[in-house]
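The values are calculated or read from the model by the stated rules, or taken from the named source; none is laboratory data. What you see is a predicted model, and the numbers here were worked out from it, not measured in a lab. Positions of Cβ are generated from backbone atoms using ideal geometry, with glycine treated the same way; all protein chains shown enter the neighbour counts.
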Amino acid sequence: MIVIDKVAPTARELRPIQRGWGLIHWIGCLPVWLPWLAIAGFGITASVLARGALPPFLTSGFMIVTLVLWRWSGVLVQRVCAREARKAPVGGLDWHWTIDEQGFVFDNGLQTNRLDWRGVKTVREEKDRFVFLVSPANNPVLPVRLLEAGQLEALRGLITQITASGRLGGGVDYVALPSDKIDP
């Protein structure tokens, strides 16, 4: 059993994942990139149709100003959301993680979550964090900086063992056994 206290990932450690969920990741990015493609397409089309009648740098200037405003609004939204999240009853509490052969539990005194290894698609180790891919919208993060050397090796060994046993991600192909069914 691996026990980690005072788990509070930083904003850097909670950064969005870049891979792991396949096509859903790229479809999820469409609302971010599609407007840019539309603006670029419109700008190029307008420039070609105007045949030099537009002032120089109008299209590129428009795109740069839009990019700056878009980025600024994104930072503003993140700050407001972070401030509101800190006001939530569980917002400022550190988590206590317990990881074993059955799965993992994270608890903060007001909320407890238990997850069986079959419910985890995969575990991705990055240089500063472990990301447990549970669903496209739920990927718990365990910062590496909180693990002692022995815990780090134990976690890697446990993940290797769980993966080799076929339990990691086993819920993806879960078939209800007769004992799992509820009689009407």
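Where the second residue is surrounded by 15 or more Cβ atoms within 10 Å (Cβ to Cβ) and assigned to a loop (DSSP other than H, G, I, E, B) and the first is touching a residue at least 60 places away in the same chain (Cβ under 8 Å) and lies in segment 147-169, which pairs have Cβ atoms under 7 Å and are six or more apart or on separate chains?
Leu155/Leu147; Ile162/Leu168
Kindly establish whether Trp70 is part of a helix (DSSP H, G or I), closer than 28 Å to Phe132 by Cβ and not assigned by TED's automatic domain parsing to the domain that holds Pro140. Working first, answer last.
On the way: part of a helix (DSSP H, G or I): yes; closer than 28 Å to Phe132 by Cβ: no; not assigned by TED's automatic domain parsing to the domain that holds Pro140: yes.
No, not satisfied.
Taking the conditions exactly as written (assigned to a helix (DSSP H, G or I), among the hydroxyl-bearing types (Ser, Thr, Tyr) and surrounded by 12 or more Cβ atoms within 10 Å (Cβ to Cβ)), does Thr98 satisfy them or not? Even if it seems obvious, please write down each step before you answer.
Details: assigned to a helix (DSSP H, G or I): no; among the hydroxyl-bearing types (Ser, Thr, Tyr): yes; surrounded by 12 or more Cβ atoms within 10 Å (Cβ to Cβ): yes.
Criteria not met by Thr98.
Name the single residue that is nearest to the chain's Cα centre (by Cα) among those in segment 133-162 being among the β-branched types (Val, Ile, Thr) and under 19 Å from Asp116 (Cβ atoms). Spell out the reasoning first.
So in segment 133-162, the residues among the β-branched types (Val, Ile, Thr) come out as 134, 141, 144, 159-160, 162.
From what's left, under 19 Å from Asp116 (Cβ atoms): 134, 141, 159-160, 162.
Numbers: Val134: 10, Val141: 8, Ile159: 19, Thr160: 22, Ile162: 22 Å.
Per the criteria, the residue is Val141.
Residue check, Gly28 against (1) modelled with pLDDT of 80 or more; (2) more than 30 Å from Leu147 (Cα to Cα); (3) not hydrophobic (A, V, I, L, M, F, W, C), all met but one. Which one?
So the condition that Gly28 fails would be (1).
Could you check segment 67-85 and list, in sequence order, the residues that are among the basic types (Lys, Arg) and over 19 Å from the mean Cα position of the chain (by Cα)?
The initial filter retains those residues of segment 67-85 that are among the basic types (Lys, Arg), namely 71, 79, 83.
Answer for segment 67-85, where residues must be among the basic types (Lys, Arg) and over 19 Å from the mean Cα position of the chain (by Cα): Arg71, Arg83.
Which residues, taken from segment 73-94, are assigned to a loop (DSSP other than H, G, I, E, B) and small (Gly, Ala, Ser)? Walk me through it before giving the result.
First pass over segment 73-94, keeping only residues assigned to a loop (DSSP other than H, G, I, E, B): 88-94.
Residues satisfying the conditions are Ala88, Gly91, Gly92.
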